[in-house]
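Chemist: The structure's right below; bear with me while I get my questions together.
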Amino acid sequence: MQERSVPDSPGIVRHDARSTGERSVLTSLLRGARLTCPACGKGAMFRRYLKVADNCPACGEALHHHRADDAPPYFTIVIVGHIVVGLVLAVEMAYRPPLWLHAALWLPLTVLLALLILPPVKGALVGLQWALLMHGFDPNAEEEKIEPFDVGIRNGRGR
Ligand SMILES: [Zn+2]
């Protein structure tokens, strides 16, 4: 495991552990969906609700390479939409309840389901990226350098 100090953040040591063993897509995806590290399946992937830990607390695997971006909300909307729209149609066909009851049922259910489904979906996507060696998860990849926007402007780029 390599350790290095983050230059502009004194006191913060980032572990750059990168396992090179076999990476099963299904196992990694399921471990991520259980909110655990895709490498060992023991350490917690998230340090807060949707904040992925920089490194697995159990095995030290670097998890900060993930680029889940807006894929988790996208898949969450697809899943929740299919569940809620199906239920709305079924209840409407069976009972024809008043509109206020529809609103009272489905609006809170939609919010609750989205909040419950978002972490396992994000975990599964991070596990998938890890298994497929995407982004910095590839042990042979160079460290990704993300330049802050204003640095590019100062150097005359980004115009
Ligand atoms: Zn781990």
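The values are calculated or read from the model by the stated rules, or taken from the named source; none is laboratory data. From a predicted model like this one, the values you see are computed outputs, not experimental measurements. Reconstructed Cβ throughout: ideal geometry from the backbone, glycine too, with neighbour counts over all protein chains shown. These accessible areas exclude ligands, DNA and RNA; they are computed on the full protein's heavy atoms, side chains included. Shrake-Rupley method; radii C 1.70, N 1.55, O 1.52, S 1.80 Å.
Chemist: For the range 77-116, which residues satisfy the criterion of being in contact (Cβ under 8 Å) with a residue 12 or more places away in the chain and either open to solvent by 60 Å² or more (accessible area, probe 1.4 Å) or not hydrophobic (A, V, I, L, M, F, W, C) (or both)?
Modeler: Kept after step one, since they are in contact (Cβ under 8 Å) with a residue 12 or more places away in the chain, are these residues of the range 77-116: 77, 79-80, 83-84, 87-88, 91, 102, 105-106, 109-110, 113-114.
Hits for the range 77-116 are I77, I79, I83, L87, H102, L105, T110.
Chemist: Let me ask something else. Name the single residue, out of those in the range 6-24 being at pLDDT below 65 and closer than 16 Å to H65 by Cα, that is farthest from the ligand (Cβ to nearest atom). Before the answer, list the steps.
Modeler: Taking the range 6-24 first, the residues at pLDDT below 65 are 6-18.
Add one more test, that the residue is closer than 16 Å to H65 by Cα, and what stays is 6, 13-18.
Details: V6: 21, V13: 18, R14: 16, H15: 11, D16: 14, A17: 9, R18: 12 Å.
Ranking the candidates gives V6 first.
Chemist: Could you list, in sequence order, the residues of the range 38-51 that are away from the ligand (no atom under 13 Å from the Cβ) and among the aliphatic types (A, V, I, L, M)?
Modeler: Correct list: L50 only.
Chemist: Output the residues belonging to the range 128-159 that are at pLDDT 75 or above and either open to solvent by 60 Å² or more (accessible area, probe 1.4 Å) or closer than 17 Å to P73 by Cβ (or both). Give the steps one after another, and end with the answer.
Modeler: Residues of the range 128-159 that are at pLDDT 75 or above, as a first pass: 128-140.
Selection gives L128, Q129, L132, L133, M134, H135, N140.
Chemist: Scan the range 25-36 and tell me whether some residue there is modelled with pLDDT of 95 or more, under 14 Å from the mean Cα position of the chain (by Cα), within 13 Å of the ligand (Cβ to nearest atom) and in a strand (DSSP E or B).
Modeler: yes
Chemist: Here's a check for you: in the range 52-76, which residue that is more than 16 Å from the ligand (Cβ to nearest atom) and in a loop (DSSP other than H, G, I, E, B) is surrounded by the most Cβ atoms within 10 Å (Cβ to Cβ)? Break it down stepwise before answering.
Modeler: Kept after step one, since they are more than 16 Å from the ligand (Cβ to nearest atom), are these residues of the range 52-76: 67-76.
So of that shortlist, the ones also in a loop (DSSP other than H, G, I, E, B) come out as 67-70.
Working: R67: 14, A68: 19, D69: 9, D70: 7.
Only one residue fits best here, namely A68.
Chemist: May I ask you to list pairs of residues, at least six apart or on different chains, whose Cβ atoms are under 7 Å apart, with the first in the range 31-47 being more than 9 Å from C59 (Cβ to Cβ) and the second being more than 11 Å from the ligand (Cβ to nearest atom) and part of a strand (DSSP E or B)?
Modeler: Short answer, once both residue conditions are applied: L35/F46; M45/V52; F46/V52.
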